[in-house]
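Enquirer: Before anything else, here's the structure in question.
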Amino acid sequence: MSATRPPLAPSSLLPASEARDRLLARVAFEATWERDLGGDELSWDANLESIFGYPRDEVVDHISWWRDRVHPDDLEQVEETSSQAINSAAAGWSSEYRFRRRDGSWAWVASRCAIERDDRGRARRAVGAMIDVSQLKETESRLRLFTEQIPARACVTDRDLRVVWDAGAGFSSSPSALGKTVPELFAQSPDRERVLEGCRRALAGESCMLEIDDGTAAAQLQLQPFRDPAGNVTGVVGMAVDITDRVRREAEVRAGQLLLRQVLDTLPVGVAVMDRAGDLLLYNPASGGIWGGTIVSGRERWMKSKGYWHASGQAIAPDEWASRYALNEGRTSRDELIDIETFDGLRKTIENYAAPIRDGAGAITGAVIVNEDVTERVRAEEALRKTERLLVDAEKLGQTGGWEQDLVSQQIVNTEANLRLFFGDDRSKGARLEDYAEAVHPDDRDWVTRRREQLLAGTGSHDIEYRVVWPDGSVHWIFGRATVVRDESGRPIRVYGTNADITERKHAEEELARRARQQEALSRKLIEAQEAERRAVARELHDDFGQVLTALKLNLQRRDRDDAESIALVDGAIARMRDLAQDLRPPLFDEFGLEASLSWYVEREAKRAGLAFRLALAHLEKRPPIAVETTCFRIAQEALTNVIRHAQARSVDVELSEAAGTLQLVVRDDGQGFDVAAARRRAAQGASQGLLSMHERVALAGGDLEIDSAPGRGTTIRARLPLAAGGGA
């Protein structure tokens, strides 16, 4: 059975007002009410039945009937809204809440009312209307659910650009824009003026799209006019799509491209990228600099590029270039040493590298080529190899060797010649420091070890001479020179040096020293023989010839007392013979010693030459050895002879002193002086025998001779002789 609506009463059977109300109720969308604010009376019109299903006879005109049908979760908020409006000066209030229909379902209602006040402003009565907006709420809910799931943010503004609707899942971290104006929302944005201009265009009926970025997020913003049903623009609809990730990726790509370009421009090696056809997509300045220009066409480039294998000098064919192999066969080529003729006519040597570029599926899409100009390096290496060969030859000829030791790892590096210096033909040794220590002659080993320690400590000499013993037992002399490398703290980290075989030189020096000793012994014997001969001649002159001349004088006196001239000649001969005998060996020398002989000799010679003289002869506590006395007297004799013959002096001083086991003789004049260096050169060439004789005599006695003179300022000769010397003169 089906329910049927009861037939309506004919209009003619009802009062006119009642018929009108019934018709209005059938088309009405609002239920109106009136409330006495002085009490709890609340009356309703008949629309409650058509809207919510309540017949008029079930409606109770009391506020409690309404309260019982408001959703419990909404009642408090609704009553608070009305209470605030009633107790204030508001003209009315509005609210939305859920209201229970007669069938028990809930309807969303929108309620609005007006307040009537007395002359004092007190609320007396409220009249309102309530409309069922459930379908609108459901549509809005579905729309919000939809918009909250799309990755965008949608806003609607009024003509004052105040946001009246805000929904969408985009920019979820941003707070709601509801109630705020567009100028407020974009107050700190660098795109504020662009957005406002877009809104103005939308209000003028024009759509626009722009991208904005405030540094934290980026959006693609579409602005359109919002129109009412009549087509009038009442606001702006804005749809913002979050493009932050895309913008950031694009920025990263641009930054990466910029960085790649900067890296390519900075790299000292040439880098070029070509596509599958061989055309260059990009290349850096170093690549153009190496080749002296770049041809972009692949086939033309391979045809016109001139290259030669460095090892053989054979020309590289167009299909032999590494980039061709990379594109055609997927081959990677490394460290190809190639001589090229650049496009501007130069000759260079490069290291060539090429590798294929593949996509995600592994297909070859291009190739990358890297060239490094190694012209100077290769030339330097070749020159170094030539130098090394020359060095090896020089080491062989000069018997020298080089070495280096890392003091951290203790690794030792030697040249072949250096190993030969220590171990002869034995190549089983040389990797350890102990090998070298064992090769050193046992008598030199401790001394060499100490010298090495001093060298590393920075207190010893860099040069050393010592002996080594080869495995065959032969002894060899080595001269070594070393250099220590230190770190910033002064710690030795490396030492290197050279060694040379000086065996032949040492043998020559030993032979020279032996001959020098022989010559010194012969010279000493010669001087001793000379002094002995002088003593013998002086004694013979004095004893034999003196007696003969004296007897001759006596005979002449007896024979002819008038032969005065002959007697005078004999007297002269006797005097000259006495002087010669005293010059050869003063009689005072053997009997009274050095001081008496010097005093007699200087006084006699100075008076003969007309020189003023001064003697300062200290008393010697102990008579010096005869060789020292003889040397000292002969030096004084030679020096005084030179003063008289060459100095043109007016006075001469002779001093004799003893100190610290040394006898010192000083002969000083005020003459014209001379060039000592020139005199020594003449003595070395055979002239100036007196100067040479003084030096030799002093050297044989183990002393030293000092001559201080210059033209115009006199001469001082100082001889120092050791009193303990055992040599003779």
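Enquirer: Give a residue-ordered list of calculated ³J(HN,Hα) values for region 619-633 (Karplus: 6.51 cos²θ - 1.76 cosθ + 1.60, θ = phi - 60°; whole Hz; x for Gly, Pro).
Expert: 6, 8, 5, 9, 5, x, x, 4, 5, 5, 4, 4, 4, 5, 5
Enquirer: Relative contact order of region 80-201, please, whole-number percent, based on alpha carbon pairs below 8 angstrom and at least 6 residues apart. Intermediate results must be reported in sequence, preceding the final value.
Expert: Values: 166 pairs, mean separation 15.8, N = 122.
Result for region 80-201 is 13 percent.
Enquirer: Among Leu178, Ser88, Leu196, which residue has its Cα furthest toward the positive end of the charge dipole of region 68-197, with +1 on Lys/Arg Cβ and -1 on Asp/Glu Cβ?
Expert: Result: Ser88, furthest along the dipole toward the positive end.
Enquirer: Whole-Hz ³J(HN,Hα) for each residue in region 696-709, computed from phi via Karplus 6.51 cos²θ - 1.76 cosθ + 1.60 with θ = phi - 60°, x for glycine and proline: what do you get?
Expert: For region 696-709, the Karplus curve yields 5, 4, 5, 4, 5, 7, x, x, 9, 10, 10, 10, 10, 7 Hz.
Enquirer: Can you give me the solvent accessible area of Tyr283 with a 1.4 Å probe, rounded to the nearest 10 Å²?
Expert: Answer for Tyr283: close to 90 Å² accessible.
Enquirer: Taking the Cα-to-Cβ direction at Arg299 and at Arg379 and moving 7 Å from each Cα, how far apart do the two end points lie in nm?
Expert: So the label points at Arg299 and Arg379 sit 3.8 nm apart.
Enquirer: Under the definition of Cα pairs under 8 Å and six or more residues apart, what whole-number percent is the relative contact order of region 343-478? Before the final figure, lay out each step's value.
Expert: On the way: 144 pairs, mean separation 17.5, N = 136.
Relative contact order here is 13 percent.
Enquirer: Once you have the Cα-Cα distance between Asp61 and Glu655, take 0.36 nm times their residue separation minus that, and quote the gain in nm to one decimal.
Expert: On the way: separation 594, 0.36 × 594 = 213.84 nm, distance 15.88 nm.
Result: 198.0 nm gained on full extension.
Enquirer: Which number comes out as Rg/Rh for region 309-453 once both Rg and the Kirkwood Rh are worked out on C-alpha atoms? Walk me through the intermediate numbers first.
Expert: Details: Rg = 25.2 Å, Rh = 20.2 Å.
Here Rg/Rh amounts to 1.25.
Enquirer: Additional query: So between Lys306 and Glu138, what do we pick up on full extension, going 0.36 nm a residue minus the alpha carbon distance? Walk me through the numbers on the way to the answer.
Expert: On the way: separation 168, 0.36 × 168 = 60.48 nm, distance 8.05 nm.
Length difference between fully extended and current span is 52.4 nm.
Enquirer: Would you grab the residues whose amide H sits under 5 Å from the one on Asp279? Only those 5+ places off in sequence or on another chain, please, with H modelled 1.01 Å from N.
Expert: Gly298
Enquirer: From the Cα gyration tensor of region 52-152, with a ≥ b ≥ c the square roots of its eigenvalues, which class applies: rounded if a/c is under 1.5, or else prolate if a/b is larger than b/c, or else oblate? Before the final figure, lay out each step's value.
Expert: Values: a/c = 2.66, a/b = 1.42, b/c = 1.88.
Oblate is the answer for region 52-152, as a/c is 1.5 or above yet b/c matches or exceeds a/b.
Enquirer: Moving to a separate point now. At a Förster distance of 41 Å, what's the computed FRET efficiency of Arg254 paired with Arg200, Cβ-Cβ distance as r, to 0.05? Can you show the working numbers first?
Expert: Values: r = 32 Å, r/R0 = 0.77.
Efficiency for this residue pair is about 0.80.
Enquirer: Residues of region 390-498: accessible area per residue at 1.4 Å, in Å²?
Expert: Numbers: 6530 Å² over 109 residues.
Ligands and nucleic acids excluded, the result is 60 Å² per residue.
Enquirer: Once phi is turned into θ = phi - 60°, what whole-Hz ³J(HN,Hα) does the Karplus curve with 6.51, -1.76 and 1.60 give for every residue of region 265-270, x standing for Gly and Pro?
Expert: Couplings: 5, 8, 4, x, 9, x Hz.
Enquirer: Quick one: putting +1 on the C-beta of Lys and Arg, -1 on the C-beta of Asp and Glu, what dipole do you get for region 28-158 around its Cα centre, in Debye to the nearest 20?
Expert: Working: 18 positive and 26 negative charges, 69 e Å.
With Lys and Arg at +1 and Asp and Glu at -1, about 340 debye.
Enquirer: Any chance you could check the Cα centroid distance between region 280-354 and region 117-178 for me, in angstrom?
Expert: Cα centres, region 280-354 to region 117-178: 72 Å.
Enquirer: Could I ask something else about it? Keeping all protein chains in the complex and leaving out DNA, RNA and ligands, what accessible area do you get for His507 with a 1.4 Å probe, in Å² to the nearest 10?
Expert: 100 Å²
Enquirer: I'd like to check one number: the per residue accessible area of region 95-138, probe 1.4 Å, reported in Å² as a whole number. Don't jump to the answer; show the numbers that get you there.
Expert: On the way: 2660 Å² over 44 residues.
So region 95-138 comes to 60 Å² accessible per residue, rounded to a whole number.
Enquirer: Another question about this same structure. Which order do Val263, Val667, Val269 take when ranked by solvent-accessible area (1.4 Å probe, heavy atoms of all protein chains), largest first?
Expert: Values: Val263 65, Val667 10, Val269 30 Å².
So the residues, ranked largest to smallest area, are Val263, Val269, Val667.
Enquirer: What aspartates and glutamates does Lys506 reach when the alpha-carbon gap must be under 16 Å and sequence neighbours fewer than 8 apart in one chain are set aside?
Expert: Candidates past the 8-residue exclusion: Asp444, Asp463, Glu465.
Enquirer: Let me ask another. Tell me, in nm to one decimal, what length is gained between Lys622 and Lys607 on full extension, where the rule is 0.36 nm per residue of separation less the Cα-Cα distance? Working shown, then result.
Expert: Details: separation 15, 0.36 × 15 = 5.40 nm, distance 2.98 nm.
Using 0.36 nm per residue and subtracting the Cα-Cα distance, I get 2.4 nm.
Enquirer: From the residues Ala114, Ile63, Leu37, which one has its Cα farthest along the dipole of region 32-123 in the positive direction, the dipole being from +1 and -1 charges on Cβ of Lys/Arg and Asp/Glu about the Cα centre?
Expert: Of the candidates, Ala114 comes out farthest on the positive side.
Enquirer: Still on this structure: Let me cross-check Lys306: its accessible surface, 1.4 Å probe, with only protein heavy atoms counted, in Å² to the nearest 10?
Expert: Result for Lys306: roughly 110 Å² accessible.
Enquirer: Taking 7 Å along the Cα-to-C-beta vector as the label spot, tell me the Ser428-Ser83 distance in nanometres, rounded to one decimal.
Expert: Output for this residue pair reads 11.5 nm.
Enquirer: Per residue, how many Å² of accessible area does region 611-729 show with a 1.4 Å probe? Could you put the intermediate results ahead of the total?
Expert: On the way: 5710 Å² over 119 residues.
Each residue of region 611-729 exposes 48 Å² on average to a 1.4 Å probe.
Enquirer: Sticking with this one: Nothing charged except the Cβ atoms of Lys and Arg (+1) and of Asp and Glu (-1): what's the magnitude of the dipole of region 58-97 about its Cα centre? Round to the nearest 20 debye. Don't skip to the answer; put the middle values down first.
Expert: Working: 2 positive and 9 negative charges, 33 e Å.
Dipole size: approximately 160 debye.
Enquirer: Once you keep just the Cα pairs under 8 angstrom separated by 6 or more residues, what percentage relative contact order results for region 314-388?
Expert: Numbers: 111 pairs, mean separation 18.6, N = 75.
The value is 25 percent.
Enquirer: Here is a further query. Report the residues of region 134-171 in range of a label on Asp228: point 7 Å along Cα→C-beta, backbone N strictly under 12 Å from it.
Expert: Flagged as within label range: 159.
Enquirer: Next up: Using the basic label-point model (7 angstrom from Cα toward the beta carbon), what is the Arg120 to Ala361 distance in nanometres?
Expert: 9.2 nm
The values are calculated or read from the model by the stated rules, or taken from the named source; none is laboratory data. The structure presented is a predicted model; accordingly, all values stated were derived computationally and were not measured. We place every Cβ from the backbone using ideal geometry, glycine too, and count neighbours over all the protein chains shown. For accessibility, only protein heavy atoms count, side chains too; no ligands or nucleic acids. Shrake-Rupley method; radii C 1.70, N 1.55, O 1.52, S 1.80 Å.
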